[in-house]
Amino acid sequence: MKIAELFFSIQGEGRLLGVPSAFVRTTGCPLRCVWCDSDYTSWHPQGQTMTVGQILSRLAEFPTRYVVVTGGEPLIAAGIEELCAGLRAHGYHITIETAGVVFKDVACDLASVSPKLSNSIPFAREGGRWAQRHDQLRLQLEVIQAFIDHSDYQLKFVLSRAEDIAEVQAILGSLRGVDPAKVLLMPQGTHREELDQRGAWLVELCKQQGFRYCPRLHIELFGNRRGT
Ligand code: SF4
């Protein structure tokens, strides 16, 4: 598998916030979010080839049973089924961080699905050449529904402005059986100042809407750095 990085940190987002976790970050993504914070897996993918056995050996060095498989988009990575089966066989708790544009029924304890709103469309990058393709692919309701139906899940939405809540509501209205307690709203930002600024209105929105506020704890603690 092509792996961008493999490291031990704390989970910075979602309902396992703060849990010491090992991260396996695959490289490659079919989307190109304008604010992507891991360009080295999407706009400019990098990585080294590792076998599942090598990945499991590295993970054994870390004192945790929580593994986060992330990307990029991990569900398009060749060998993802084998990796998740290996993690299950070794007794790990598996979180899969996905944009929810591809469904695969792999071993998973928590599907952390982050459907992309229109604020992610890259009009302002590389002359907008990815904008149309990104926009056509970014929202796959039947894929999101499959995660809801097959796994324990959380839906994590990234908001740039308060008006984005209308898109969140439209998406939730098109899905069946969503538990509002599993809906998280996260401020868009890769710097503490941006997160503080957006967090101020987003907290109020969460209070009004009854959804959970999702900080980006790794950015607050470490800044936007690889390996954290
Ligand atoms: S889905 Fe994730 S990895 Fe892919 S471009 Fe968007 S933010 Fe980056």
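The values are calculated or read from the model by the stated rules, or taken from the named source; none is laboratory data. All figures in this text were calculated on a predicted structure; none of them were measured in a lab. Here Cβ is always computed from backbone atoms with ideal geometry, including for glycine, and neighbour counts include all displayed protein chains. Heavy atoms of the whole protein, side chains included, go into the accessibility calculation; ligands, DNA and RNA do not. Shrake-Rupley method; radii C 1.70, N 1.55, O 1.52, S 1.80 Å.
The table that follows gives values for the structure above.
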| item | result |
| --- | --- |
| Residues satisfying the stated conditions in region 88-127, i.e. within 16 Å of the ligand (Cβ to nearest atom), over 20 Å from LYS182 (Cα atoms) and aromatic (Phe, Trp, Tyr) | PHE123 |
| Conditions (1) more than 14 Å from the ligand (Cβ to nearest atom); (2) within 21 Å of ARG225 (Cβ to Cβ); (3) buried (at least 17 other Cβ atoms within 10 Å of the Cβ): number failed by GLN48 | (3) |
| Checking GLN132 against (1) more than 14 Å from the ligand (Cβ to nearest atom); (2) in contact with a helix residue (DSSP H, G or I) (Cβ under 9 Å, 6 or more places away or on another chain), the condition it does not meet | (2) |
| Residue in region 169-181 that is within 19 Å of the chain's Cα centre (by Cα) and among the β-branched types (Val, Ile, Thr) present | yes |
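Conditions tested, residue by residue: (1) farther than 16 Å from LEU110 by Cα; (2) under 12 Å from the mean Cα position of the chain (by Cα); (3) open to solvent by less than 20 Å² (accessible area, probe 1.4 Å).
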| position | (1), (2), (3) |
| --- | --- |
| GLY18 | no, no, no |
| GLY28 | yes, no, yes |
| SER42 | yes, no, yes |
| VAL52 | yes, no, yes |
| LEU56 | yes, no, no |
| LEU59 | yes, no, yes |
